[in-house]
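Working notes, structure below.
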Amino acid sequence: MNRLIVFGCSYTYGHGLQDCIASNGSGPGLYPSKFAWPQLVANVANLECINQSDPGSSNQQILWQIERFNFEVNDTVIIHWSFCNRAMYRTIKNDIVKIMPHYSKSKGLVLAKKYYALENELNMYDKTRIFLNYANYKLKNIGIKKIINFSPILEPNMEQIITNLNLQYDFKTDDINLVHYHKKNLFPDADTALDNSHPGPKTHQRFAEYILGEYPWLKD
């Protein structure tokens, strides 16, 4: 059976779905949800689903995972890029990847404060473009032909900055404008998961149907 390899953050992981929520009702489960859109797509397309997403993942971390994954030429790869203003760092002592706490939740966290004092949304927006296109280039370079990218997520403050500076939201790969699946016109009555924060089962189902409709070759 050919494989569907998927990368992303908690939206791709299925955080908050019935089989993917911590006992305290807030954190994610230990494993990606079988009710999340990657598994739903794989079920219809008759593909083995390998969900490499990680809750809280930044786009740099997604690229880091892609560079280290052992791909096969017949793999289908879907990347749902994460929030632009997330970051990761690697420890020099033992080379462990750690998530940089988000600046809006970093009160009292010295490292995060220092990082976000130097970094800003525009820099991270530009870096995300580089991560995205490098990943796309790398996958093609190793012979992967079936690649789907979904646009990075913009938080409201970044959307406002882009609007104020009259910039265009135009993440692209190979001159293809990427779809941002949180656009409300795709899911006008989207539901939420059990944690009342992440996408719910109806939203995952609709997104899976959208993918299968837009990319019918997945079922070939």
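Put simply, when 130-142, 192-204 are sorted by average Cβ atoms within 10 angstrom per residue, most first, you get 192-204, 130-142.
Among rounded, prolate and oblate, which fits the chain when a ≥ b ≥ c are the square roots of the eigenvalues of its C-alpha gyration tensor, a/c under 1.5 means rounded, and a/b larger than b/c means prolate? It is rounded, given that a/c, with a ≥ b ≥ c, falls under 1.5. Please work out whether region 17-72 counts as rounded, prolate or oblate from its C-alpha gyration tensor, where a ≥ b ≥ c are the square roots of the eigenvalues and a/c under 1.5 means rounded, while otherwise a/b larger than b/c means prolate and anything else oblate? Taking the square roots of the gyration eigenvalues as a ≥ b ≥ c, region 17-72 is oblate.
Spatially, region 70-98 and region 25-60 are offset by 14 Å when compared through their Cα centroids. Of the peptides 83-91, 37-45, 152-160, the order by per-residue mean of other Cβ atoms within 10 Å, starting with the highest, comes out as 37-45, 83-91, 152-160.
The antiparallel fraction among DSSP beta bridges confined to the chain stands at about 35%. Listed values for region 211-218 are Karplus-derived 3J(HN,Hα) couplings in whole Hz (6.51 cos²θ - 1.76 cosθ + 1.60, θ = phi - 60°), namely 4, 5, x, 6, 10, x, 5, 4, and x replaces Gly and Pro. Here the contact order of the chain, divided by its residue count and restricted to Cα pairs under 8 Å and six or more residues apart, works out to 25 percent.
None of the figures in this text is laboratory data; all of them are computed from the coordinates on show. This structure is a prediction, so every number in the text was calculated from the model and none was measured. Note: ideal-geometry Cβ built from the backbone for every residue, glycine included; neighbour counts use all protein chains shown.
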